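Chemist: Below is the structure I would like to discuss, written out as structure tokens.
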Amino acid sequence: MLNVDEIITLHESMVVSWHDEPPQIDTLSGDYEEFLAVVCQQHAYNFMLWHEEDKARIPDASDKEIAQVKRAIDRLNQLRNDWIERIDDELQSHLEVQGVRLKKMAIKCTETPGSAIDRLSIMALRLYHLQEELGRRDVDQAHKAKVRDRFDICLQQQAHLCEALELLWKGVEAGSIQHRVTRQLKMYNDPSLNPEIYRRSADRRVA
């Protein structure tokens with residue numbers, strides 16, 4: 001069900017592909033099915049979010065442009081988190097179908113497989129863009145040395161996270177680690193839960 005090597009390959013290949021043809025926000029991307037299709041869609045939101053975050057930091061961007069980018073970031077971050085949950089929901093369904101039962105002393109974890117996959121998605125983006133920096137011809141060797149150090153650290157962190165995710169999933173399938181879907185329950189995008197929105201709406205009604 002969860003194959004870390006397949007996920008890494010998906011992340012890396014789609015980052016390359018999407019830089020030629022960006023993903024569409026509301027459609028599954030790539031030639032994947034079932035669980036990997038969900039992983040791919042979640043990765044697509046990280047891809048789009050990454051590039052909107054870059055736009056938000058353009059020094060001479062207008063106030064209007066910043067406002068538009070901020071709204072796009074909010075929407076994409078919500079979708080990113082929604083699809084982390086979707087990944088974990090898919091895994092939970094798999095466990096139920098397989099009849100996996102928790103052992104008496106099953107360990108509880110602070111991170112779900114979906115959260116780890118999200119981190120691997122972001123790492124694939126970071127590695128791609130660091131690799132781009134290494135290929136630049138308009139920078140000096142000091143810049144490239146700094147980038148190379150960061151690139152090497154990212155590779156080490158990716159390998160560590162891959163190993164940890166594999167161990168986590170093996171434990172979950174064996175029933176020795178508890179799998180629990182973490183609901184993000186974001187409040188800021190809900191007009192009924194964001195006080196800056198509902199208070200302003202109330203003030204307008206009074207006025």
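Chemist: Are any of the residues in the stretch 58-69 modelled with pLDDT of 95 or more, within 26 Å of Q131 (Cα to Cα) and surrounded by 18 or more Cβ atoms within 10 Å (Cβ to Cβ)?
Modeler: Checked against the condition, which is being modelled with pLDDT of 95 or more, within 26 Å of Q131 (Cα to Cα) and surrounded by 18 or more Cβ atoms within 10 Å (Cβ to Cβ), the stretch 58-69 yields no hits at all.
Chemist: Is at least one residue of the stretch 109-130 modelled with pLDDT under 95 and aliphatic (A, V, I, L, M)?
Modeler: Checked against the condition, which is being modelled with pLDDT under 95 and aliphatic (A, V, I, L, M), the stretch 109-130 yields no hits at all.
Chemist: Looking only at the stretch 82-132, filter to residues that are under 14 Å from the mean Cα position of the chain (by Cα) and not in a helix (DSSP H, G or I); which one of those is surrounded by the most Cβ atoms within 10 Å (Cβ to Cβ)?
Modeler: For the stretch 82-132, the residue satisfying everything is T112.
Chemist: Which one is farthest from K104 (Cα to Cα), of the residues in the stretch 166-201 that are in contact with an Asp or Glu (Cβ under 9 Å, 6 or more places away or on another chain) and of a type in the set (A, V, I, L, M, F, W, C)?
Modeler: The extreme case among them is I197.
Chemist: Within the bounds of the stretch 48-57, is there any residue that is in contact (Cβ under 8 Å) with a residue 60 or more places away in the chain and either surrounded by 13 or more Cβ atoms within 10 Å (Cβ to Cβ) or in a helix (DSSP H, G or I) (or both)?
Modeler: Checked the stretch 48-57: at least one residue is in contact (Cβ under 8 Å) with a residue 60 or more places away in the chain and either surrounded by 13 or more Cβ atoms within 10 Å (Cβ to Cβ) or in a helix (DSSP H, G or I) (or both).
Chemist: Return the residues of the stretch 155-204 that are in a loop (DSSP other than H, G, I, E, B), among the β-branched types (V, I, T) and in contact with a Leu (Cβ under 9 Å, 6 or more places away or on another chain); say none if nothing qualifies.
Modeler: V181
Chemist: Something else: Looking at the stretch 33-47 only, could you name the residues that are surrounded by 17 or more Cβ atoms within 10 Å (Cβ to Cβ) and of a type outside the set (G, A, S)?
Modeler: Selection gives F35, L36, V38, V39, C40, Q41, Q42, H43, Y45, N46, F47.
The values are calculated or read from the model by the stated rules, or taken from the named source; none is laboratory data. Keep in mind that what you see is a predicted model, and the values were worked out from it rather than measured. Here Cβ is always computed from backbone atoms with ideal geometry, including for glycine, and neighbour counts include all displayed protein chains.
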